[in-house]
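The values are calculated or read from the model by the stated rules, or taken from the named source; none is laboratory data. Everything numeric here is computed off the predicted structure, so don't read it as measured data. Using ideal geometry, Cβ is built from the backbone for each residue, glycine included, and neighbour counts are taken over all protein chains shown.
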Amino acid sequence: MSYTQQTKNTAIKLRRRGLSILVIAAKLQIAKSTISLWVKDVPLPLELREKLQQNFVNGRAKGSAIGKAKRAIVRENMTKATSLDVARLPDTKSFWRLVAALLYWCEGGKQSLSSGINFSNSDPELMKTFITALRHGFTLDESKFRVLLHLHEYHDEAKQQTFWSKVTGIPITQFQKTYQKPHTGKRKHLNYEGCASLRYYNAGIVKNLIILYSQFAKHSEGT
């Protein structure tokens with residue numbers, strides 16, 4: 001589309017007054033790319049350049065704040081909806097056994113089934129959920145639980161034992177000798193509580209978990 005020289009001159013005058021390309025484009029109802037081409041050689045006083053730059057920074061900050069607020073609303077609505085879904089879940093042994101089985105499917109050790117459960121993870125919430133599912137789904141002998149910590153040299157062993165004891169509800173007296181992981185010395189992992197390996201010496205339960213998640217997988221394939 002062609003424009004008159006008068007229109008171009010108007011755009012240049014507005015630019016010299018310190019208006020942004022976006023504002024000029026809106027005023028003249030012309031594409032920003034066209035306005036930008038017309039005014040690219042227009043020199044602006046330093047104070048106007050600084051003003052435009054500050055307007056740009058403020059606009060980005062405002063846009064970021066609006067986006068953050070929108071994301072917070074979406075997250076809040078999703079949290080409310082999922083909370084209702086979770087509240088409707090059945091609090092039965094069968095349900096908790098399935099939860100334990102699915103978590104064990106993902107994170108559990110299957111190398112030596114005869115020795116029982118071996119579940120390792122560095123996520124405290126995941127570990128707490130798994131052991132809660134075990135306790136709700138099965139009749140357990142708490143004295144059979146053992147915990148093996150995998151820590152780096154920069155960890156305070158006593159502190160981490162206390163931390164994981166609170167997470168699992170297992171007394172420190174049932175913790176095995178800590179495994180010290182080799183550390184490269186390049187950097188420390190902030191907020192890393194080490195890795196805990198949960199052991200429960202009952203071959204029957206681990207076989208139950210494996211059969212359960214296998215049956216669940218077959219059932220899912222047929223739906």
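Listing for the model above:
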read-out	value
For Gly18: the one exception among (1) modelled with pLDDT under 85; (2) loosely packed, with under 10 Cβ neighbours inside 10 Å	(2)
Residues located in the range 141-152, provided they are over 27 Å from the mean Cα position of the chain (by Cα) and either surrounded by 15 or more Cβ atoms within 10 Å (Cβ to Cβ) or among the acidic types (Asp, Glu) (or both)	Asp141, Glu142, Phe145, Arg146
Test: residue in the range 30-39 that is part of a helix (DSSP H, G or I), touching a helix residue (DSSP H, G or I) at 6+ places or on another chain (Cβ under 7 Å) and among the polar types (S, T, N, Q)	yes
Answer residue from the range 153-175, given it is exposed (fewer than 13 other Cβ atoms within 10 Å of the Cβ) and of a type in the set (Asp, Glu) and is modelled with the highest pLDDT among those	Asp156
Boolean, Ser64 is out of contact with any helix residue (DSSP H, G or I) (no Cβ under 9 Å at 6 or more places or on another chain) and either modelled with pLDDT under 95 or in a helix (DSSP H, G or I) (or both)	yes
Residue list for the range 94-134, filter: closer than 19 Å to Ile211 by Cα and of a type in the set (Asp, Glu)	Glu107
Given (1) in a helix (DSSP H, G or I); (2) at pLDDT below 85; (3) not charged (D, E, K, R), index of the condition Leu44 fails	(1)
Criterion (touching a residue at least 12 places away in the same chain (Cβ under 8 Å) and of a type in the set (S, T, N, Q)) met by exactly one of Ser2, Ser64, Ser83, Ser36	Ser36
Flag for Leu22 being in contact (Cβ under 8 Å) with a residue 60 or more places away in the chain, part of a helix (DSSP H, G or I) and not aromatic (Phe, Trp, Tyr)	no
Failed criterion for Ala69 (all others in (1) in contact with a strand residue (DSSP E or B) (Cβ under 7 Å, 6 or more places away or on another chain); (2) free of Cβ contacts under 8 Å to residues at least 12 places away in the same chain hold)	(1)
Glu125 being exposed (fewer than 15 other Cβ atoms within 10 Å of the Cβ), out of contact with any strand residue (DSSP E or B) (no Cβ under 9 Å at 6 or more places or on another chain) and modelled with pLDDT of 95 or more	yes
Criterion violated by His150 - all others in (1) out of contact with any Cys (no Cβ under 8 Å at 6 or more places or on another chain); (2) modelled with pLDDT of 90 or more satisfied	(1)
Test result for Leu103, touching a strand residue (DSSP E or B) at 6+ places or on another chain (Cβ under 8 Å) and either assigned to a helix (DSSP H, G or I) or of a type in the set (Ser, Thr, Tyr) (or both)	yes
Flag if Thr178 is out of contact with any Pro (no Cβ under 9 Å at 6 or more places or on another chain), closer than 28 Å to Phe216 by Cα and surrounded by fewer than 20 Cβ atoms within 10 Å (Cβ to Cβ)	no
